Each structure stands twice: as structure tokens, then as C-alpha cells.
Amino acid sequence: MLAAHGITVHSYDRTVLSGVDLSLRAGHRVGLVGPNGSGKSTLLRVLARHLQPDHGAVIAVPGVRVGWQDQQPPDENLSIATILEAASGDLGRATRALESAQQRLGSRGLDVTEQLAEALADLAAAQDAFDAAGGWDVLVRQDEVRTRLQVGPDGGIDLHRPLGSLSGGQQARVLLAALLLHNPDVLLLDEPTNHLDLDGRRWLAAYLRVFPGAVLVASHDREFLDRVASDIVELSDVTTGLEFYPGVGWTGYQTEKAQRAHRLDLQLEAQEKFRQRLADSISAAKQRSVGHEAANALNPGARRTARMVARKALTHERRLQRQLDSDRWAVAPPSRDDLELTQRTVEGGARVVRVRDLAVTAGERILYAVDVTFTTNDRIWVTGANGVGKSSLLRALRPHLPDSAYLDQLDVLFPPEITAFEALRDAVPAYAHETEATLTAYGLTAADWTRPASRLSVGQARRRVGG
């Protein structure tokens, strides 16, 4: 249905993707994994034809409709109803026309036979358009999508509200619903479970398992990938290429990856032993040749023998080099340094935090009041359905915790003129070398340091903020 051939993408002086090949067929559900900043979103944008690669091409079967879920939301001033209506396409227009024709037919002003016949003709045409767009079967499926994702009054979302007035979790549900209502043949999903609650994640997994088209989903959600993926492909930020793990979900991928690494370690060990034996043999032969010739300087026969030994050593040396250059000679994959974090020791031990009658608000609305007591050593999981006010609670607590750090669930946008290096130094005062070391530990290269922060991938930007 959709295939990428030899996709290469450069960003400034950094190669994001290099010679990537990927094919998606009907019923194919592929999990795309890899560290933040490795190019997952870039690959999805290329497949969706929202980004032109520097080399390579994307080929789709004629007529195939590709749906892409961007991590960046559309115009926040659009109403929910407008977004969902646009996603419904022909069925939405046909439904409105059918409702209008039914209302006209039911009006009391149609006393004349000619007007009645015209209204009936309009109703028949609207019914034909409705049936051609999928009719009741598609309408029922769309109602299920909206209901399951709690997009509508039952889920606490007024369809006339602008998108920007919703919480991050509510926005994610609306945009995901719009994508599914579009009913594409190929779904390209970028971290679709980021803002979904447990019920929403499990429903989406069940939906995708029976989706008749192709699915490529970039996700860090292990349970979700185990439920959905028929294959895993791993994108490395070091090799900039894909590693395929067919027929497995996340758990199977982890097992197979460990087995591959073990097999490679054994192969590398055996190769190194072979290389060392051959290198030692070549060195010994060279030493024998030199020693034999020096000891028999006046003996022509001995000198010929020494030269034969030297030629044999040279032949073995060339053989070794050919093997080192061969595609069959395994090479350890490049790797980056592990990230090591040290935690600051709090003087005086844990502190107790008590908050009473704290008003949790969303805009001008008061959601609830909270009483909470915890210590600075506690690890607390705040859970609940989307839109109930989890993020609002964290924002309300922050002014009462002067030493706290807050990572917003919405993607942070940086001023276009500031670099990643400057953005981090503005947020965390440090020496230049300390800032560079921190950025490197989070997987940002020297080229990323001077790149405008607004041009970082979503994963890279969140690592910069989280750091």
C-alpha cells in the first residue's frame, strides 16, 4: 500500500535518516521504536509526504489515502465541531444535506404538489449521497469512535469550544478522533497514547488490531505495542537506519534484540581470536624471514627461502585485510555514551508539604478544591480520566513548591532565534562545558547545540526541557 525506498534526510550537518527502506501492506501493524530524536517523526512526515527527503522516494498504490497524526496541533482557534466535520468528509456533508432535506419535507409550507415533489427529489438525492458515503454503517462506526474517545458532551467536551481551550489530554482525544473519522487506508500515528487514559489506550489498541489497512505507530508504550504490533522496526539515532524484527510485539522485540546482541558478541569474539592468530602468524613469519636472511647473508638459497617466507606473510596480510573489508566481517555497531544523572542531596532530609483548600482551576472554572499532604521523598502517581484536572492540579501546586520543576504535557515551543545551547543555559545556569556535556548526554550532537531550538524534533525538545 505504501513504501519508502532509500530515504535519506539531512538536517543542517546531521544525517537524520540514511537509506531507509520500509514497506507497509494491508493488515500490517508496525511498531516504530527508538530513542527520542532518532528520526521517528521525520520518517512519518516523509511517508505522509509532508516532508520531501533529500534522497529516495515514497510510493503509494493509486487511490490510497494516508492519514497522519502530527504531534503539533492545528489552529487552536478551530472549534471541535469544525475539526470533526472536516474529518468526516463526504459523509458529513451528505448527513447535513439529508437532515436539511428531511426538515424541508417536514415543514408545513409544502402545500403545493410541485413543491412536495421537489422536496422528495432532494430527499432522494441526499439519501443516495448518504448511502454512497457509507451510510449508517460508517455513521455507527464514527459514533463509536467519538464515544470511546469521549469526544463530545458525554466526555465533558462542548463541540462548540475552540481546540485551544481544552486540556492536553482532551486535545489529543479530539485530534485522534478526527484522524480515525477520516478513515484512511494507511494510519501513521506519532505517540498516539501520550495523553490517553488506560481505557482509551486499550480501546485504541483493540481498534487498530482489527483495522483493515496498514498502521505504522511510533510509540514508547510497551503494553500498547504488545497489544497492537505485528512487527517492530527500530530506528537508531546512531546508525540512522532501520533494524527489522518481524512477527513480534514489544516483548518479543526485546527478547530478539538481546539474542541478536549475544550472537553478535560471540561472532565478534571469534573474529577477534581469528584476527589475532593470523596477525601473530604474519608477524612471526616476517621476523623469521628477516632473521633467516640476516643469518645467511652469503647463502643465495637461504635468501630465496627468506623471500618466499616474506611473500607468504604478505599474502596472509592481504587476505586478512580482504576479510576485514568484507561485508561478512561483523562490526560492532556504534553507540553513544550512557546518560548518567546524579541527584542532589537535600540538606536536612525530607520536608513535609501540606496544602489545604487549594482551588484547582481551568481558566475561570473552579474544578475542585484539594487537601494534600506528602513529603519530598514521596513518589506519587496522579491518575484519572482525561479532562478531570490532573495537569491543572500540578500547575496549582507549583507556586506552593518553590524548589519544584514542572514538565508540561504539551510540546514546548521555543523562540525561533534561540539555540538549544542558549535555551538550556537560560533555564539552568551552568558553565559552557557543563551545558555541552548535558546536551551530549541527552543525545544532542554538537550540531544540535547551535541549531535554533525551534528546529529540534519534538523528542529532542522534550529532552532539553526535561533535562
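The values are calculated or read from the model by the stated rules, or taken from the named source; none is laboratory data. Keep in mind that this is a model prediction, so the values were computed, not measured. Reconstructed Cβ throughout: ideal geometry from the backbone, glycine too, with neighbour counts over all protein chains shown. We work out accessible area using only protein heavy atoms, side chains counted, and drop any ligands, DNA or RNA first. Shrake-Rupley method; radii C 1.70, N 1.55, O 1.52, S 1.80 Å.
Yes or no: Ala126 small (Gly, Ala, Ser), modelled with pLDDT of 70 or more and part of a helix (DSSP H, G or I)?
no
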In segment 187-223, which residues are crowded, with 23+ Cβ neighbours inside 10 Å and in a helix (DSSP H, G or I)?
-> Leu204
Looking for whichever is surrounded by fewer than 22 Cβ atoms within 10 Å (Cβ to Cβ), at pLDDT 85 or above and not in a strand (DSSP E or B) here; the options are Thr239, Thr251. Which one fits?
-> Thr251
Residue in segment 15-23 that is under 16 Å from Phe244 (Cβ atoms) and open to solvent by 70 Å² or more (accessible area, probe 1.4 Å) present = yes
Selected residue (criterion: most open to solvent (accessible area, probe 1.4 Å)) from residues of segment 357-384 that are part of a strand (DSSP E or B) and among the β-branched types (Val, Ile, Thr) | Ile366
